[in-house]
Structure formats: C-alpha cells, structure tokens
1. Please work out the Kirkwood hydrodynamic radius for chain A, using every pair of different C-alpha atoms, and report it in angstroms with one decimal place.
2. Would you kindly compute the Cα radius of gyration of the range A:212-324 and its largest Cα-Cα separation (Dmax), both in Å?
3. In what sequence, highest mean first, do A:82-89, A:6-13 appear when ranked by Cβ atoms within 10 angstrom?
4. Give me Rg over Rh for the range A:276-324, both radii from the alpha carbons and Rh done the Kirkwood way, two decimal places.
5. Between the helical axis of A:114-132 and the dominant principal axis of chain A, each derived from Cα atoms, what acute angle in degrees is found, rounded to the nearest 10?
6. Measure nothing but the geometry: give the 0 to 90° angle between the long axis through the Cα atoms of A:242-256 and the longest principal axis through the Cα atoms of chain A, rounded to 10°.
7. Ratio of Rg to Rh for the range A:138-268, alpha carbon only, Kirkwood?
8. Note the full-extension length gain between residue A:126 and residue A:102 as 0.36 nm times their separation in residues minus their Cα-Cα distance, in nm to one decimal.
Amino acid sequence: MFLNRRLMSPELLYYKALGKRTELNFEEKRNLYNIEKGFEGECLYDQVFDETGHDSVYVLRDLYLKTGKSVTQFDSIIISDERVAVNEIENYSGDYHFENNSWFRNGRQLKDNAHNQLSRAKGKIIQLRDESKMKFYVDGAVIFMGDDFRLTTESEHVWSETVMRNQLRNYFRKFRDERLGGSAKDIVHLVKSAIAENPYFEEAADLGRIKRGLYCGECESFELIKKRFQFKCSACGTVESNETHLLRTMSDHKYLFYKQPITKQSILRLIDNQISEDGVYRFLKKHCHSEGNGRKTTYTFKYYDWLETIAEIRENQRYKDKIQ
DNA sequence: ATGGTTGTCCCATCCCAGGA
DNA sequence: TCCTGGGATGGGACAACCAT
C-alpha cells in the first residue's frame, strides 16, 4: 500500500516555474533535465509497483528523515512486519562500471554513487531501529530504471544490491509473501516520526531577471487579452479565470521564492498588476493561510502546488476555464 | 432570464514606520 | 513618547457578466 503521494520536488517546481519566465542557463537546464529524469524514473518505479501489486507491504516514498543531526533522502521505503527495504531509485543511462571499490561512468571515475547512498540510507534506518529498540531486518537495493543503462562489475556485493529495470517485477513479487500486522504499523510510525523538511533547497529567483505578468497555462504565452473575469490567450485561445491565474502565480511564487513569504504586494509585482488589488486580496484570503496584521501580513499557500488544487476547483469555479 | 461571483468604488478602522 | 501618513483590512453597495 502506498501511504503517501509522490510529488515533484521543490527543485523541480522551481526550475519549471523559472523556465516559464526566463531562459534557463546551461547549468539550470542541466539541473532541470537531471531532476526531471530522476522524477520520471521514480514515477515509472511507482507504476511498475502498482502493476505488480503492493498490498502486502506499506510503501513510503520521497522522504527526508532526520537521524541525529543529519538528514537523509529516501526514494522509497518498503515496510512489512519483520523487514524494511530501502530502495534507491536511479534513472541513469550509459555504461557504468565498478572495479577496485570505484565507480566509473563511460570510463571516468565518479565521486559519488548510488550504492554508497544506499548503505548510508540503510544505516539511518538501522540507527532508528536501534534507538527505538524495535526488531526488524533492514536490506535494500539500488533500482536502475533506465532502459539504456548497462552495469558491469564482478563484485557479488554490488550485484546483490542491484535491481535492473528488467528484474524489477521479480523484485517486487518477492514482497508478496510479507505480512502486515501491528509491528509493520509501528515501523511506519517510527519512520514517520523522523520525517524532516527538505533541507537542501535554498534557491530564490532574481526578480529582475524573470518576466513578470500572467501567462497562459496551456501554451505559456504572456500575450493575454484581459476580460472582466477571465483572460483569453491571444496565441492559443485558452480562457482562464483570474482565480486560476492567481493560483498558478501563488504556486510559482512559493517555489521561485521558497524561503520568502508571500505578500499581497509581492504577488502584485509578480503578476505586474494585471489583476486588481482587491481581487488579489480576496484570492489570497481564499487560498492561503494569513499571518500577521497590517503591513506585516504574510501568506502561505495552502496547497503543495496549484495542480493539486485546480483539478478540484475547476469543476466548481464560477468563471470556468476553457482549454483549447 | 436568473442567480451568483467578482470588479470597482467608498468608507471606517487597524497597524506600523518614521519623524517631531 | 506621541503624532501622523500610508498601507492593509474588511464591510457594504452596486454594476457587470458568466454559467446554467
């Protein structure tokens, strides 16, 4: 059973939002590509797990866990009564080789590798277990999702903790005999009690660099024709309500300026005053939690991102979106 | 045609920052 | 410390106009 959703990371949402408002530089494009590819690998992993079935285990995905003073990322944790399996999911392509304790990609030695991350992650779970005096076995595997990925090594140890794309179904099927009882629930509680926020994300966009204003949700054009309650895209004809535009703006703002609070003024700046102050104020009240009073009022977006919300809201919006 | 939501305008009040 | 200006808040009234 999947116990939580897999969401796009703040980094991915940041680069996506940034890319709509400015031309990404080389490094940003590379980051976006890598993060997006990693996310696709994780989604494919979920899909295969769904197809194979996961009724006999609890699965927690995409977590940061705090043990002692360090925070570690986990792609997937599979929990049953007597066992916790940590999965490190990679979507590499190309030729990887392991020899003499070193990893090589296309002949070049790598500074870091997934199997090290896996043993760190396993170590953290073992630490949690020992501190809580619970009893369960911890193992794990690096899952390589790429079709175009080849691994060569003579290390039995590496192979024992490696699952290739074409072995994944078999790997998942081995969990079918696991049991879910009280102790599995206890382990889930233990893991959940260690959940921490993503500590690595510190990016903030440069307001001078990004294009301000509203853009079409379909074709991303900034050429919009203002109607009374909606905007019509002059490029593709899509109509979106002010509310939809503002939801997208709040979501963009959240990730573009992750550590900075939302204010009415900062939203007005980001949308270049294309929607009235009153309107912005109303929708901020509706879709954000507000904190503070007077000039100090700040808002935090109620939802993870706007896509999460818009699916529900679109049905009941007074002024409907019409996607071309 | 109708109902309901939003834009716009107005007004009173609250809050904060900066100056006297 | 107090005063004052300006932004933020929030309520009301009315018009506009989209969706049904």
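Read-outs throughout are calculated quantities, based only on the coordinates presented, and are distinct from any laboratory measurement. All figures in this text were calculated on a predicted structure; none of them were measured in a lab. Here Cβ is always computed from backbone atoms with ideal geometry, including for glycine, and neighbour counts include all displayed protein chains.
1. On the way: mean 1/r = 0.0448 Å⁻¹.
With all distinct Cα pairs of chain A included, I get 22.3 Å.
2. For the range A:212-324, the Cα-based Rg and Dmax read 13.5, 41 Å.
3. On the way: A:82-89: 22.1, A:6-13: 18.8.
Packing order, densest peptide first, comes out as A:82-89, A:6-13.
4. 1.04
5. 80 degrees
6. The angle comes out near 50 degrees.
7. Values: Rg = 24.2 Å, Rh = 20.5 Å.
Rg/Rh for the range A:138-268 comes to 1.18.
8. 6.1 nm
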